[in-house]
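Written below as structure tokens is the structure these notes are about.
The values are calculated or read from the model by the stated rules, or taken from the named source; none is laboratory data. Every value quoted in this text rests on a predicted model; they were computed, and no experiment measured them. Cβ atoms come from the backbone with ideal geometry, glycine included; neighbour counts cover every protein chain shown. With ligands, DNA and RNA removed, areas are computed over all heavy atoms of the protein, side chains included. Shrake-Rupley method; radii C 1.70, N 1.55, O 1.52, S 1.80 Å.
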Amino acid sequence: MKLAVLVLEGPYNHEASDSAYNFIQAALEKGHEIRGIFFYHDGVYNVTKLMEPPQDDRHIANRWSELGAKGIDIVVCIAAAKRRGIVDDVLVPNVRISGLGQLTMMAIEADRLVTFGD
Amino acid sequence: MAEDIKKIMFTVRKAPHGSIYVYEGLEVKLIMAAYDADISVVFMDDGVFALKDGQNTAELGIKGFAATYGVMVDYEISKIYVDRKSMEDRGMTENDLLVIGEDEDTEEPIKPTVIETDQIGPMMAEQHNILCF
């Protein structure tokens with residue numbers, strides 16, 4: 001199945017980001033295709049390289065970046081990002097900023113769009 | 001081509017103010033309406049407050065976005081539904097609903113369509129996507 005994932009909450013503060021990540025890992029292991037991952041609302045904070053969590057904790061931004069390195073399209077909404085001070089310069093590698101049109105295309109092209117948020 | 005057009009439903013379940021969810025959700029609706037998709041929006045739970053006429057956010061010190069709901073029909077989003085039970089639970093009636101646009105021919109004001117809760121499930125079953133903003 002072709003899946004798209006929408007993440008609406010920021011890292012650490014909510015479990016949504018972890019749940020989305022775990023869901024994607026499980027889906028990939030089952031052989032599903034991830035059409036794309038889209039960050040909206042406070043979700044845009046998931047992929048800033050400015051985060052520096054304690055070393056014995058998971059590094060959420062690096063985790064997303066690793067998924068991006070596998071070729072999964074990871075998109076941060078530009079409107080939501082600008083409002084929150086997230087710009088190209090602070091993004092981890094393998095992630096891009098673009099518009100809500102990208103979410104629309106993911107929604108239309110994927111068999112299922114799965115939302116993680118509150 | 002007509003059968004290729006994907007049906008996308010939005011649900012609005014949170015109060016319009018106090019968080020940014022509903023406002024940013026509105027931005028998604030406006031963008032998606034520009035694409036070849038069959039958009040519908042259902043307001044339920046505290047989301048029905050977003051459709052209350054006469055909102056004034058001046059004292060909250062925020063911009064407010066209720067005026068944009070007033071031109072939803074112009075954005076070609078005319079399938080706007082509101083759950084009757086959610087309204088009644090919150091002391092709202094059809095008279096409290098804002099206008100979402102006007103009929104092109106008659107210039108009559110268009111209001112959201114009030115529906116019963118048990119109509120929502122079958123509508124959801126027809127959708128390609130359901131987005132919860």
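Per the listing B:101, B:64, the residue uniquely at positive phi, open to solvent by less than 30 Å² (accessible area, probe 1.4 Å), in contact with a Ser or Thr (Cβ under 6 Å, 6 or more places away or on another chain) and not hydroxyl-bearing (Ser, Thr, Tyr) is B:64.
The residues in the stretch A:77-118 that are outside any helix (DSSP H, G or I), within 12 Å of chain B (Cβ to nearest Cβ) and either open to solvent by 70 Å² or more (accessible area, probe 1.4 Å) or closer than 14 Å to residue A:3 by Cα (or both) can be counted, and the count is 8.
Listed by position, the helices (runs of 4 or more DSSP H) enclosed by the stretch B:3-104 that each have at least 1 residues that are under 12 Å from the mean Cα position of the chain (by Cα) and under 18 Å from residue A:108 (Cα atoms) are B:21-33.
Only one of A:34, A:60 is farther than 26 Å from residue B:20 by Cβ, crowded, with 21+ Cβ neighbours inside 10 Å and not charged (D, E, K, R); which? Selected residue: A:34, the only one of A:34, A:60 that is farther than 26 Å from residue B:20 by Cβ, crowded, with 21+ Cβ neighbours inside 10 Å and not charged (D, E, K, R). Within the bounds of the stretch A:50-60, is there any residue that is assigned to a helix (DSSP H, G or I) and in contact with a helix residue (DSSP H, G or I) (Cβ under 7 Å, 6 or more places away or on another chain)? Yes, because at least one residue in the stretch A:50-60 is assigned to a helix (DSSP H, G or I) and in contact with a helix residue (DSSP H, G or I) (Cβ under 7 Å, 6 or more places away or on another chain). Do we find that residue A:49 is open to solvent by 10 Å² or more (accessible area, probe 1.4 Å) and away from chain B (no Cβ under 14 Å) in this structure? Considered against the rule, which asks whether it is open to solvent by 10 Å² or more (accessible area, probe 1.4 Å) and away from chain B (no Cβ under 14 Å), residue A:49 comes out as yes. Regarding the stretch A:9-27, can at least one residue be identified that is touching a Leu at 6+ places or on another chain (Cβ under 7 Å), surrounded by 24 or more Cβ atoms within 10 Å (Cβ to Cβ) and not in a helix (DSSP H, G or I)? No, the stretch A:9-27 contains no residue that is touching a Leu at 6+ places or on another chain (Cβ under 7 Å), surrounded by 24 or more Cβ atoms within 10 Å (Cβ to Cβ) and not in a helix (DSSP H, G or I). Suppose the filter is open to solvent by less than 40 Å² (accessible area, probe 1.4 Å) and aromatic (Phe, Trp, Tyr); does residue B:49 pass it? Criteria not met by residue B:49.
Quick grid of which residues meet (1) of a type in the set (Val, Ile, Thr); (2) open to solvent by 70 Å² or more (accessible area, probe 1.4 Å); (3) within 14 Å of chain A (Cβ to nearest Cβ):
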residue: B:12; (1), (2), (3): yes, no, yes
residue: B:22; (1), (2), (3): yes, no, yes
residue: B:29; (1), (2), (3): no, no, yes
residue: B:42; (1), (2), (3): yes, no, no
residue: B:69; (1), (2), (3): no, no, no
residue: B:86; (1), (2), (3): no, no, no
